[in-house]
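Structure first, then comments.
The values are calculated or read from the model by the stated rules, or taken from the named source; none is laboratory data. Quick caveat: nothing in here was measured; it's all calculated off a predicted structure. Note that each Cβ is placed from the backbone with ideal geometry, even for glycine, and that neighbours are counted across all protein chains shown. Note: accessible area is taken over every heavy atom of the protein model, side chains too, but ligands, DNA and RNA are not part of it. Shrake-Rupley method; radii C 1.70, N 1.55, O 1.52, S 1.80 Å.
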Amino acid sequence: MISKKMQDAMNEQIKYELESAYLYLSMAAYFHSLGLDGMAQWMRVQTQEEMVHAMKFFDHIKDRGGRVELLPLAQPKREWSSPLVAFQEAYKHEQFITSKINDLVKIAKEEPDNPANVLLHWFITEQVEEEASTSRVAQALERIGDSGQGLIMLDRELSTRTFTIPTKTETSQS
Ligand code: OFO
């Protein structure tokens with residue numbers, strides 16, 4: 001059975017993951033408002049991935065006899081001064097999420113909680129990818145600068161991102 005300390009920490013992590021989804025959905029709306037539908041599509045897929053992250057913690061708490069508690073979500077920002085600033089913020093946000101995963105890893109080691117460790121392993125790898133993907137787009141936008149043509153090309157490239165519905169095993173711990 002999951003400890004009260006780990007349950008509370010994971011319930012808080014569900015909130016962070018849902019706030020990530022909320023933030024990226026708000027960014028999708030922002031990009032649509034600029035006519036950058038490719039960047040919006042990228043953020044819509046990101047939103048779906050964040051929902052999967054939240055559900056991994058949800059199922060983990062449930063499967064270990066704990067009680068999921070949904071905490072209030074903060075309202076996300078709705079405007080950014082440029083696409084570059086939005087992606088820079090997404091990158092910063094992912095660094096924040098990595099720090100939260102590291103906090104959970106610390107608790108899992110202290111307890112020790114082996115099942116949580118297995119789950120968190122997946123998140124450690126995922127966060128490397130999450131930071132890399134947001135920072136890659138931010139860097140591309142930095143290189144593009146004021147080039148309208150460059151922005152259109154990047155927008156087209158990002159429009160190809162798709163969401164793959166995870167299999168049962170992918171949505172649980174492994
Ligand atoms: Fe973006 O990784 Fe979850 O929050």
Between the alpha-carbon centers of the stretch 103-174 and the stretch 41-95, tell me the distance in whole angstrom.
11
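In whole percent, and with a 1.4 Å probe on the protein chains, what portion of the accessible area of the chain is carbon and sulfur?
Working: 5230 of 9390 Å².
Result for the chain: 56 percent of the exposed heavy-atom area is carbon or sulfur.
Grab the Cα-Cα distance for VAL118 and ILE152, subtract it from 0.36 nm times how many residues apart they are, and report the gain in nm with one decimal.
Taking VAL118 through ILE152 to full extension adds about 8.1 nm, to one decimal.
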Which distance in nm do the two modelled labels at LEU34 and LEU70 give, with both placed 7 Å along the Cα-to-Cβ direction?
3.1
What is the magnitude of the charge dipole of the chain about its Cα centre, with +1 placed on the Cβ of each Lys and Arg, -1 on the Cβ of each Asp and Glu, and no other charges, expressed in debye to the nearest 20?
260
Cβ-defined net charge surrounding MET39, 14 Å radius [Lys, Arg +1; Asp, Glu -1]:
0
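To one decimal place, what orientation-averaged projected area in nm² is obtained for the convex hull of the Cα set of the stretch 96-174? Walk me through the numbers on the way to the answer.
Values: hull surface 26.0 nm².
Averaged projected area of the stretch 96-174's Cα convex hull equals 6.5 nm².
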For TRP122, solvent-accessible area (1.4 Å; no DNA, RNA or ligand), Å²
70
Taking 0.36 nm per residue of separation and subtracting the Cα-Cα distance, what length does fully extending MET51 through GLU12 add?
12.6 nm
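Fully extended, how many nm does the chain gain between PHE163 and ASN102 (0.36 nm per residue separation, minus their Cα-Cα distance)?
19.3 nm
How would you classify the chain from its alpha-carbon gyration tensor, with a ≥ b ≥ c the square roots of the eigenvalues: rounded for a/c under 1.5, else prolate if a/b is greater than b/c, otherwise oblate?
Working: a/c = 2.27, a/b = 2.23, b/c = 1.02.
Prolate shape, in that a/c is at least 1.5 and a/b is the bigger ratio.
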Counting only heavy atoms of protein chains, what accessible area per residue, in Å², does the stretch 60-174 have with a probe of 1.4 Å?
63
Determine the relative contact order of the chain: mean sequence separation of Cα pairs under 8 Å and six or more apart, normalised by residue count, in whole percent.
32
Just the accessible area for VAL137, please: 1.4 Å probe, Å², rounded to the nearest 10?
10
Whole-Hz Karplus couplings 3J(HN,Hα) for the stretch 135-147, θ = phi - 60° and coefficients 6.51, -1.76, 1.60, Gly and Pro as x, run 5, 4, 5, 4, 5, 4, 5, 5, 5, 5, x, 8, 6
